[in-house]
Amino acid sequence: KTRIHVSNQTASSFLRRWSKSSKTDLKRSIVYHDPPYFRMGHELYRHYFSPSDHAKYADFVNAEIDYKWLISYDDCPEIHDLYSHRDKNVLRMNYFVHRARIGRELIIGSPDCLLATELLGTDSEEHEVPNSKVAASKIA
């Protein structure tokens, strides 16, 4: 109970404050980001990002974060462009919202966060993952 804190801030504001005040060893940590989807966000979430919100968040992640991080996103050209200089992997995943379907999830990592290519492949390859985003996320 004492380790849970509720905040009403933007993700970038929260992460800026957290990284400066955290007692966590940031060199030994990985922060997972799960922003609203780019294409379907307006249909899936009550609070979603506009294209400019996604661009601002990408600017924050690309320029200000100094710890290891992973982001999962819907796989679309706009997100590839926002994170063009980052390592990316594509996963095919089973989704069960409204109906069963296979979707493509984009995993993006910070330069110091090694993506497990033996499990995830490269940006140009696809790999099927059972019902979990983290099933193939082996981080070195």
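The values are calculated or read from the model by the stated rules, or taken from the named source; none is laboratory data. Being a predicted model, the structure only gives us computed values, none of them experimental. Methodologically, a virtual Cβ is constructed for each residue, glycine included, from the backbone with ideal geometry; neighbour enumeration extends over all protein chains shown. Each accessible area value is taken on the protein alone, full model and side chains, heavy atoms only, with ligands, DNA and RNA left out. Shrake-Rupley method; radii C 1.70, N 1.55, O 1.52, S 1.80 Å.
Applying the condition of being in contact (Cβ under 8 Å) with a residue 12 or more places away in the chain and within 20 Å of S72 (Cβ to Cβ) to the stretch 1-18 and asking which residue is most open to solvent (accessible area, probe 1.4 Å) yields A11.
Filtered by the rule that a residue be hydroxyl-bearing (S, T, Y) and open to solvent by less than 80 Å² (accessible area, probe 1.4 Å), the stretch 22-44 gives S22, T24, S29, Y37.
Summed over the stretch 27-43, the residues that are outside any loop (DSSP other than H, G, I, E, B) and under 17 Å from I71 (Cα atoms) give a count of 5. Of D74, D53, D81, all but one fail to be farther than 30 Å from S21 by Cα and at pLDDT 90 or above; the exception is D81. The residue that is farthest from Y83 (Cα to Cα), among those in the stretch 44-62 that are hydrophobic (A, V, I, L, M, F, W, C) and not in a loop (DSSP other than H, G, I, E, B), is L44.
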